[in-house]
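What follows is a single structure, written as structure tokens, with notes after it.
Read-outs throughout are calculated quantities, based only on the coordinates presented, and are distinct from any laboratory measurement. Just so it is clear, the model here is predicted, and its values are computed rather than measured. Note that each Cβ is placed from the backbone with ideal geometry, even for glycine, and that neighbours are counted across all protein chains shown.
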Amino acid sequence: FGGLVAHLVERRAKLKADDHEGRDRLHRKGTLFSAGLITGEALMGIFIAIPIVVAGRPDVLALPESLHFGGWLGLLMVVGIAWLLYREARPQAN
């Protein structure tokens with residue numbers, strides 16, 4: 001998934017195949033953004049585990065039956081995060 005976003009960013013920047021320094025510079029912001037997402041996900045996992053451990057029940061944060069739209073919400077979030085990653089990593093117009 002990240003490779004697809006990197007390809008789109010490289011295509012927009014019109015990098016030459018032998019421009020390794022330019023490619024590294026271009027990927028730096030996207031890599032930093034992705035590392036922040038991974039760190040945030042790890043912290044959220046810890047914060048979500050706290051009420052589960054305190055209550056002693058794995059379903060303490062479960063949604064009611066009428067609100068089961070998680071698949072669509074997940075897809076929307078993946079598309080949104082991909083757009084944010086692309087926007088952050090793309091070359092800025094001068």
In debye to the nearest 20, the charge dipole size for region 2-89, taken about the Cα centre with +1 at each Lys and Arg Cβ and -1 at each Asp and Glu Cβ, equals 360
The chain, helix-only ellipticity at 222 nm - DSSP H runs n ≥ 4, -39,500 (n - 2.57), divided by all residues, nearest 500: -25500 deg cm²/dmol
